[in-house]
1. How far, in nm to one decimal, is B:ALA154 from itself in the other copies if the label point is set 7 angstrom along Cα toward Cβ? Shortest first, please.
2. Inter-copy label distances at B:PHE127, 7 Å along the Cα→beta-carbon direction, one decimal in nm, shortest first?
3. Sort chain A into rounded, prolate or oblate with this rule: let a ≥ b ≥ c be the square roots of the eigenvalues of the Cα gyration tensor; rounded if a/c is under 1.5, and if a/c is not under 1.5, prolate when a/b is larger than b/c, oblate otherwise.
4. How far is helix A:106-119 tilted off the main Cα axis of chain A, in degrees rounded to 10, range 0 to 90?
5. Among B:ILE102, A:LEU140, A:LEU81, pick out the residue whose Cα is farthest towards the positive end of the charge dipole of the protein assembly as shown, where Lys and Arg carry +1 and Asp and Glu carry -1 on C-beta, about the Cα centre.
6. R0 = 30 Å: FRET efficiency of B:VAL120 with A:LEU158, Cβ-based, nearest 0.05?
7. Using a probe radius of 1.4 Å on protein heavy atoms only, what is the accessible area buried between chains A and B, both sides summed, to the nearest 100 Å²?
8. Inter-copy label distances at A:HIS30, 7 Å along the Cα→beta-carbon direction, one decimal in nm, shortest first?
There are 2 protein chains.
Amino acid sequence: MPTKKKPQVTAAAARRGELLGTAAEVFAEHGYNATTVRRIADHAGILAGSLYYHFDSKESMLEEILRTFLDELWDGYDTVLASRLGPRETLEALVTESFREIDRHRAAVAIYQKESRQLVTQDRFAFLAESQRRFEKAWLSTLERGVAERVFRADLDLRLTYRFVRDTVWVAASWYRPGGKHSPEEIARQYLSMVLDGIAVRE
Amino acid sequence: MPTKKKPQVTAAAARRGELLGTAAEVFAEHGYNATTVRRIADHAGILAGSLYYHFDSKESMLEEILRTFLDELWDGYDTVLASRLGPRETLEALVTESFREIDRHRAAVAIYQKESRQLVTQDRFAFLAESQRRFEKAWLSTLERGVAERVFRADLDLRLTYRFVRDTVWVAASWYRPGGKHSPEEIARQYLSMVLDGIAVRE
DNA sequence: TAATCTACCAAACACTTGTTAGGGAAGGGT
DNA sequence: ACCCTTCCCTAACAAGTGTTTGGTAGATTA
């Protein structure tokens with residue numbers, strides 16, 4: 001029976017996570033394709049070949065980064081959706097949760113934004129397509145409920161509205177920097193104010 | 001004195017434009033870095049080396065694609081800005097003009113969206129940074145005028161609002177397909193309706 | 001008809017890429 | 001003292017990259 005096995009595996013997992021973190025940042029900064037494994041290794045203070053002690057391939061690093069992010073994202077989303085709030089409150093909670101995820105996983109979100117379109121076609125990244133379907137379903141049904149309950153406008157193309165709301169939230173990852181003057185919650189509040197009430201003065 | 005010189009140069013320019021068009025589409029679909037010159041050549045029905053009869057390098061193709069797009073974009077923007085409309089009408093005209101540009105140059109816009117962040121640091125693409133500065137100035141001043149004239153809300157962070165409006169417009173290039181059921185003007189109308197008045201029902 | 005030019009091909013170049021194989025230093029376990 | 005695992009390095013590989021060179025069929029010009 002092996003003694004003292006657990007300490008090593010957690011240490012290994014910690015190192016793994018550390019390397020994935022630096023890889024995510026380099027991917028986010030230069031793009032996946034333009035990022036060489038040597039550059040990731042440089043950033044981590046080791047040599048390129050050494051990465052292959054921890055990971056099977058460059059692609060598997062990308063996969064693990066995106067999987068980890070999406071898993072945590074859906075943890076938050078599912079909690080919101082399970083609360084069975086009204087449509088407006090659901091939308092507010094989803095947006096706020098999204099900005100929190102951007103705060104926590106900004107590199108992964110940036111990568112997702114830039115690369116997901118081309119990745120979804122690969123079998124390996126089929127989970128991205130499934131996530132997108134769930135995503136669209138969650139948002140669209142919230143919007144539909146809102147229209148039915150007369151809290152959202154009925155004169156808008158809902159699919160267009162969905163893309164509008166989705167994009168306005170996630171593109172923020174391209175300029176957001178954690179530790180800035182706005183907290184995720186504050187940014188969410190302003191975004192919601194614009195999306196819900198518009199930027200024009202009411203008369 | 002050379003006779004019959006002009007027909008050739010216009011034919012050459014036409015071929016150039018043709019090749020730039022296919023290059024732009026491949027760039028937009030797979031990303032600049034992931035696009036090989038061989039794939040562009042395949043798409044055009046020639047061999048990779050033959051591209052170098054028309055262009056200096058892969059990078060110069062990218063530069064010409066983006067320059068052409070930005071030149072036409074600013075033609076439209078400058079016309080709008082020169083009209084000296086009120087802030088709300090200026091915003092409406094700029095948004096509408098943007099969607100028309102997306103309709104005309106959707107490949108170039110998609111490339112710009114995905115690659116500009118990394119390109120601006122290169123000397124060769126310094127014109128992107130200049131364009132971004134003019135862009136921010138045009139939009140921000142319009143928003144500021146709107147706040148001063150009490151047609152836009154005064155309680156919003158203007159820089160956040162600027163990024164919001166900017167992003168909501170341009171990310172549309174990632175899903176917009178010309179010839180769809182919505183014309184650029186119709187999409188602009190719906191976007192403006194959401195941005196100006198919000199998606200919530202007014203009470 | 002001969003000369004020239006246009007737009008392409010064929011084949012190679014130098015370089016970078018992701019990845020692999022073998023080795024070795026450090027350190028805890030027995 | 002020895003072994004074994006962990007984590008990294010050194011050095012190389014094969015495939016793919018952007019680009020160059022020399023050549024050539026066919027149209028255009030003189």
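The values are calculated or read from the model by the stated rules, or taken from the named source; none is laboratory data. Because the structure is predicted, anything quoted here is derived from the model rather than measured. Glycine gets a Cβ as well: all are built from the backbone with ideal geometry, and neighbour counts include every protein chain shown. Quick note on the areas: whole protein, heavy atoms, side chains included, nothing else; ligands and nucleic acids left out. Shrake-Rupley method; radii C 1.70, N 1.55, O 1.52, S 1.80 Å.
1. Sorted ascending, the copy-to-copy spacings read 3.6 nm.
2. Nearest to farthest, the other copies are at 4.4 nm.
3. prolate
4. Once rounded, the angle reads 90 degrees.
5. Highest projection toward the positive end goes to B:ILE102.
6. Using R0 = 30 Å, I get an efficiency of 0.25.
7. Heavy-atom accessible area buried at this interface is about 4000 Å².
8. The projected label point of A:HIS30 is separated from its counterparts by 2.1 nm.
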